[in-house]
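Single-structure report; data block below.
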């Protein structure tokens, strides 16, 4: 069998591998996200688009193999089709993704944890942190939806579990739903630790677990702010300035000393 130039064969092989990796993986993610218990996506990945690209890729691959079987020379236009398909699909991807916000579900989850911490911090009374679920639940009203899919559908909303007499943050949450804030209050209500049920960092599919990285949970700490601390934080810092002195009354010039 007479083959075209090695660079042509290499270019076609590289383009084929890239198409299979990009769109084969995208198709598998889209199908798996629709059946997985929890998946780290803000919306279900597209299925029709990668499936269509793969169908075109298979058709073009058939043309390339036909050209090789027929021992077509280097100038055979079928050898240019795979690079053309790759370039065109990447161009379409750039156009479609141009207006999308580049935030990952993990970023959104961490921002939500910080937002919850800030809102609860305003509810402290200067000595203790709140522990009444009726006081804490309104914080969740304007937080939108958790950044996870549950069997292909966006998790409907945030929830809250309050635990008291804790010795530290909760690192495991069996049986809790995605989007649950675990608000753990220390004895005496001097501090509270907040963790969030989602997926560990770097995992796209799995079962609900505490948001963590390297086995360590992400923890937001809520502590009471004393009134004097609030006043100190609200006073702008700057170099010390001496208060202006009151003007002194003008004095009459001294009389000249008498001649001896």
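Laboratory data are not the source of any read-out in this text; all were calculated from the coordinates shown. All values reported here derive from a predicted model rather than from experimental measurement. Please note: Cβ atoms are built from the backbone with ideal geometry, for glycine as well, and neighbour counts cover all protein chains shown.
What's the ranking of 175-182, 128-135, 34-41 by average number of surrounding C-beta atoms within 10 Å, highest first?
Values: 175-182: 20.8, 128-135: 14.2, 34-41: 18.6.
Packing proxy ranking, top to bottom: 175-182, 34-41, 128-135.
Is segment 6-96 best put as rounded, prolate or oblate by its Cα gyration tensor, with a ≥ b ≥ c the root eigenvalues, rounded for a/c under 1.5, and otherwise prolate when a/b is larger than b/c, oblate when not?
It is prolate, given that a/c is not under 1.5 and a/b is the larger ratio.
Neighbour counts of other C-beta atoms within 10 Å: give me 69, 158 arranged from fewest to most. List each step's numbers first, then the result.
On the way: 69 9, 158 22.
Least to most surrounded, the residues fall as 69, 158.
What order, most packed first, do the peptides 113-125, 190-202 have when packing is the mean number of other Cβ atoms within 10 Å of each residue? Write out the running numbers ahead of the final one.
Details: 113-125: 15.6, 190-202: 20.8.
Ranked from most to least packed, the peptides come out as 190-202, 113-125.
Of 29, 107, how do they rank once you tally other Cβ atoms within 10 Å and put the fewest first? Each step should come with its number before you reach the end.
Values: 29 20, 107 12.
So the ranking, lowest neighbour count to highest, is 107, 29.
If each residue's Cβ is checked for other Cβ atoms within 10 Å, how do 89, 8 rank with the fewest at the top?
On the way: 89 20, 8 16.
Starting with the residue having the fewest Cβ neighbours, the order is 8, 89.
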